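These notes are about the structure you will find just below.
The values are calculated or read from the model by the stated rules, or taken from the named source; none is laboratory data. These figures come from a predicted structure and were not determined experimentally. Backbone-built Cβ (ideal geometry, glycine too); neighbour counts: all protein chains shown.
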Amino acid sequence: MKKLLSLVLALAMLLCAVPALADVAADVEAGQALTHDELVEKAKAETGTFVVYGNTSRISTAAEAFAALYDIPFESNNLKDQEIYTKLRNENGNAAADMVMIQDGAQLTDAIDEGLVINFVPSEVKDALDEADQQPALVHQYINKLFIYNNLGESVPAIKNVWELTAPEMKGNVIFKNPESEKVNMNFLVMCTKPEWADKLAEAYKAWKGEDIDLGSYENAGYKWVAEFLDNVTFGKSDTSIAEEVSQETAAGKIGLFVLSKLRSSSVLTDNLTVAQYDATANGYAVEPFAGFMYPMYTMVNTKATRPYTAMLFIEYLMTQEGFQPWGKSIGAYSPNPAITVNEGDLTIDVWKGTLVMEDAEYILDSFEVEDFILQHCQK
């Protein structure tokens, strides 16, 4: 009897949950056609605390300004990517976020397929955005991780070709956050093995050595570069600590691969650092075949949202000049909305896209064996 009662209760809970998820999906579909004023009216009619999850501390700054503008009680949570995905899968009802800001397109694709999150593109900005930045998820910003080197001393590694980072003299002088602890770093390395980038790496090798690449046992030039790059790498704990370390006067000859936005930090001695791509642009050459990588940050409505219209209004806000301010006030974050321009002295998003490795979620999802290969070279 107890087992039967438990089964009935579980079934009842499931049946109760389904309409709630369906309602959020219907709300988002309706919200796609609403004007700003209509969205505000719908959001203000909702009750309870508006809850946000994000993997960046600046989400709290944006949420606070948004909440003050519309007089909405809010709670923001700065979490790591995997924590957010875990919470999306495990939480129910009022414990869940209404909206999430998150990276890693491959894992997000899975979350969409599982019905954990729903895409929303505000009508106010839809026509201004490229279609690729709207589907399957709305891109709020692009973030770049670049080769940035210490410019002191006689051994300045003015990187013009990424194969230089595999040279014996660079062993221990290249610093990168372990791809085991940050998925976007893993995604970058996986992308290097994609035939498109592997071919470019093969061409870059010939330009560097003056001879065709000998792959040996490697499947393509991407695998070879990844393996030899990682063999020279010292893993840093965070992009902040890497930027701090590379910028020290005692770090002549060192180079890091970390987010450009870390140059805003007061603890980083920026005068001692040179961004390889900035140097290349100023002096009329290219870093072959890439100067780092770039990945998107997405905004999504949670299918368990209790304030879905507020979530949609906040997403709309984040795509405006005002809402983008917490990120746009410094370098290293780029809105797909062309009305939001880059900071003076920085390069445009189109230039960055043409010089950096970009994520391909489909290729990453189909490349589990590549991750195993990478992890083997991370275990030093």
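Data overview
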item: Candidates Ile112, Ile84, Ile102 - the one that is at pLDDT 90 or above, surrounded by fewer than 20 Cβ atoms within 10 Å (Cβ to Cβ) and either assigned by TED's automatic domain parsing to the domain that holds Pro308 or not in a loop (DSSP other than H, G, I, E, B) (or both); result: Ile112
item: Unique residue being under 28 Å from Ser247 (Cα atoms) and acidic (Asp, Glu) when the list is Glu169, Glu203, Glu211; result: Glu169
item: Pick from the range 194-227, criterion within 18 Å of Phe373 (Cβ to Cβ) and of a type in the set (Lys, Arg), ranking: surrounded by the fewest Cβ atoms within 10 Å (Cβ to Cβ); result: Lys194
item: Selected residue (criterion: nearest to Lys353 (Cα to Cα)) from residues of the range 260-275 that are in contact with a Lys or Arg (Cβ under 9 Å, 6 or more places away or on another chain) and surrounded by fewer than 23 Cβ atoms within 10 Å (Cβ to Cβ); result: Arg264
item: Residue selected from the range 48-75 under the condition assigned to a helix (DSSP H, G or I) and of a type in the set (Val, Ile, Thr), by the criterion surrounded by the fewest Cβ atoms within 10 Å (Cβ to Cβ); result: Thr61
item: Pick from the range 234-265, criterion more than 16 Å from Ser181 (Cβ to Cβ) and free of Cβ contacts under 8 Å to residues at least 60 places away in the same chain, ranking: farthest from the chain's Cα centre (by Cα); result: Thr250
item: Condition met for Ala43 (modelled with pLDDT under 95 and within 30 Å of the chain's Cα centre (by Cα)); result: no
item: Failed condition for Thr299, given (1) out of contact with any Leu (no Cβ under 6 Å at 6 or more places or on another chain); (2) closer than 21 Å to Ala68 by Cβ; result: (1)
item: Residue match in the range 48-56 (condition: over 25 Å from the mean Cα position of the chain (by Cα) and closer than 19 Å to Leu318 by Cβ); result: yes
item: Those residues of the range 267-297 which are touching a residue at least 12 places away in the same chain (Cβ under 8 Å), assigned to a helix (DSSP H, G or I) and aliphatic (A, V, I, L, M), in sequence order; result: Ala276, Ala280
item: Yes/no for Lys145 being under 22 Å from Ser241 (Cα atoms), basic (Lys, Arg) and under 22 Å from the mean Cα position of the chain (by Cα); result: yes
item: Close pairs (9 angstrom Cβ cut-off, 6 or more residues apart or separate chains): more than 20 Å from Gln107 (Cβ to Cβ) and at pLDDT below 95 in the range 339-365, among the basic types (Lys, Arg) and assigned to a loop (DSSP other than H, G, I, E, B) anywhere; result: Asn343/Lys329
item: Residue in the range 117-128 that is farthest from Met300 (Cα to Cα), counting only those that are among the aliphatic types (A, V, I, L, M) and in contact with a Leu (Cβ under 8 Å, 6 or more places away or on another chain); result: Val121
item: Every residue from the range 332-380 that is crowded, with 17+ Cβ neighbours inside 10 Å, of a type in the set (S, T, N, Q) and not in a helix (DSSP H, G or I); result: Ser335, Asn337, Ser367
